[in-house]
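Remarks on the structure that follows.
The values are calculated or read from the model by the stated rules, or taken from the named source; none is laboratory data. None of the values given here were measured: they were computed from a predicted structure. Methodologically, a virtual Cβ is constructed for each residue, glycine included, from the backbone with ideal geometry; neighbour enumeration extends over all protein chains shown. Only protein heavy atoms, including side chains, enter the accessible area calculation; ligands, DNA and RNA are left aside. Shrake-Rupley method; radii C 1.70, N 1.55, O 1.52, S 1.80 Å.
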Amino acid sequence: MSEVKISAEPRTEFGKGGARRTRRAGKVPAVLYGHGEKPKHIALPAREFAAAIRKGGANQLFAIEVSDGTQVLALPKAIQRDPIRDSFEHVDLLLVRRGEKVTVEVPVQLTGEAARNTLIVHDHDTLSVTADATKVPDHLEASIEGLEAGSQVTAADVELPSGVELAADADQTVASVTAAPTAEQLEATLPEIETPATEAEEAAEGAETAEAGETPAAEGAESTEAKTEA
């Protein structure tokens, strides 16, 4: 993955208020740390950072030039996003050096098509690997081509580029293939829906209720007449 050059400014305001003002100015609050150095608080241009992440993914390598003269390489370690605004709230950046090995989570993409009448469950959509900090892949691939129900794809089955080593457990399940439910099974799981009565049915029910209500009144009248005659 090629590095992206991005400018930054030192950040002097901290806390929620300072972070809000930074974001209102079109920048992303961030912190640089690692290699035993004191954390450095910076602000990144929001649009440039978002564009780089969209293109290179969460493991995009950045060559950061701070306005105070600092020049470093860094990888995103943690990214906080606002799910409603789809904006970046804060970024933790890990300092790295060329040739240094880092352990990161890389997205796994499934390729191919499993056998007919099956469903795919993507148990883990990322995989932990170790790679050169400047050569972290943007994704990994695992084939599900022709797999039958009951099959599994493990971490050991994932294709790793040259120089990339698996850091996760080789037996970790990446994807599972299950049998697709039949139409009868799907129908059995659906809740029963009561059919609303038509206007004609409601009118008929109303008439029956009215007739049933008249009977006690008639019987009551007959009882009263009988008492009067007595």
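How much length is gained on full extension from Thr126 to Glu37, taking 0.36 nm per residue of separation minus their Cα-Cα distance?
29.1 nm
In whole angstrom, how long is each semi-axis of the equivalent ellipsoid of the stretch 55-149, when you take the square root of 5 times every eigenvalue of its Cα gyration tensor and sort them from largest down?
Ellipsoid half-lengths, sorted descending, are 34, 17, 9 Å.
Enter the accessible area of Leu190 (Å², nearest 10), with the probe set to 1.4 Å and all protein chains included.
Accessible surface of Leu190 is approximately 120 Å².
Test of the criteria: in the stretch 65-165, which GluC sites (Glu not before Pro) are in a DSSP loop and have at most 16 other Cβ atoms within 10 angstrom of their Cβ?
Glu100, Glu113, Glu145, Glu148
Round to the nearest 10 and report in Å² the accessible area of Phe49, as given by a 1.4 Å probe over the protein chains' heavy atoms.
Per-residue accessible area (Phe49): approximately 0 Å².
Express the accessible area of the stretch 46-159 per residue in Å², computed with a 1.4 Å probe while the remaining protein chains stay in the model.
With the other protein chains kept in place, the stretch 46-159 gives 56 Å² per residue.
Ignoring ligands, DNA and RNA, please state the percent of accessible area on the stretch 31-87 from carbon and sulfur, probe 1.4 Å.
50
Can you pick out the pairs among Lys77/Lys101; Lys16/Lys38; Lys27/Lys101; Lys101/Lys135 whose Cα atoms lie more than 19 Å from each other?
Table pairs above 19 Å Cα-Cα are Lys16/Lys38; Lys27/Lys101.
Can you give me the distance in nm between label points at Arg85 and Arg116, each placed 7 Å from the Cα along the Cα-to-Cβ direction?
Each label point lies 7 Å from its Cα, and together they span 5.1 nm.
For the pair Ser143/Val66, report the inter-label distance in nm, with labels modelled 7 Å from Cα in the Cβ direction.
So the label points at Ser143 and Val66 sit 4.8 nm apart.
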